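None of the figures in this text is laboratory data; all of them are computed from the coordinates on show. Just so it is clear, the structure is predicted and the values come from calculations on it, not from any experiment. A quick note on method: Cβ atoms are made from the backbone with ideal geometry, for glycine too, and the neighbour counts reach across all protein chains shown.
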Amino acid sequence: MTRTIVVHSHRGGTGKSSVLANLALLIAGEGRRVGVVDTDIQSPTLDLLFRLGPGASLTDYLLGRCEIEATAQQVGDSFGPGTGGLYVVPARTGTAALREIMAVGYDVGMLPEGFDRLAAHHALDVLLLDTHAGLNNESVIAMASADVLMIMARADRIDLSGVEETIALAGRLTCRRTLVLSMAPAGIDREEARRRTEEVYGAPLAGILPYSPEMAALYGERIFAEAHPDHPMVGEFRTIISALDARDEVSRA
Ligand SMILES: Nc1ncnc2c1ncn2[C@@H]1O[C@H](COP(=O)(O)OP(=O)(O)OP(=O)(O)O)[C@@H](O)[C@H]1O
Ligand SMILES: [Mg+2]
């Protein structure tokens, strides 16, 4: 059975794509078969983070130009041992196709159908879906496909308020929900941050990631766990993976 993990945030720039890329590398490094889909067709990122070559994208599939299987690129061992079992579906497709999909739309049923076919085709253990911030077609459908929804937020008042729509939607989903606080400033009161976040989102906090100048300095050219495998933040990513793997605890508060 493939476990589908969806990473979402109410506001943009919380670190969703960066964290997802790290989780994907680390899970694949454990020998598991991992698929990643960039559902952020408006502002794709994962093709850059995974240094993909040219090829068909999720947008091409949604426009009916190819099968979903043709869009997945095998990352290969260049990211470290075991990462040969990592497949990435990029979203970038050029302005003409983007304009077309935004003007014409697509059959939204193609998304869950594509996720299922990809999972079956590559016998995936884990499928990670990256999303556009806030609620749009792709992010809502991705969330509806989740076994585990990982919501990311920064530890500031703006990320921790005005999230009612996201919470209302997440509350209707049957999936498990978990939270990650990102870009936490040095010296943050972790217990207070945990209390406030869990109260706002009604789900358990899986991890607190610090603001990391080393992460910012990578300019998205390398994935953090690849560049700094022994950094304490990689330990924090592994803690988050354990929380995502947990099957016993159900949170629908
Ligand atoms: N913990 C961190 N410390 C410092 N910088 C970070 C951290 N996490 C991510 N960043 C940086 O913040 C920027 C935004 O990250 P990223 O693109 O992953 O966010 P996102 O939530 O996917 O954004 P969007 O909502 O636009 O998709 C990137 O430049 C990334 O390198
Ligand atoms: Mg992103």
- prompt: Share of antiparallel DSSP beta bridges in the chain, in percent to the nearest 5?
  reply: 5
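Using the beta-carbon distance between GLU191 and ASP245 and R0 = 25 Å, what value does 1/(1 + (r/R0)^6) give for FRET efficiency, to the nearest 0.05? Don't skip to the end; give the middle numbers.
Details: r = 24 Å, r/R0 = 0.97.
The pair GLU191/ASP245 has a calculated efficiency of 0.55.
Rank these for me by crowding, THR14, THR239, going from fewest to most other beta carbons within 10 Å.
Values: THR14 23, THR239 14.
Fewest to most other Cβ atoms nearby, the residues stand as THR239, THR14.
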message: Which three extents, in angstrom, do the Cα atoms of the chain have along their principal axes, listed largest first?
response: 50, 39, 35
- prompt: How high is the FRET efficiency between GLU221 and CYS66 when r is their beta carbon distance and R₀ equals 30 Å, given to the nearest 0.05?
  reply: 0.55
- prompt: Calculated from DSSP H runs of 4 or more alone, at -39500 (n - 2.57) each and per residue, what is the 222 nm mean residue ellipticity of the chain, nearest 500?
  reply: -10500 deg cm²/dmol
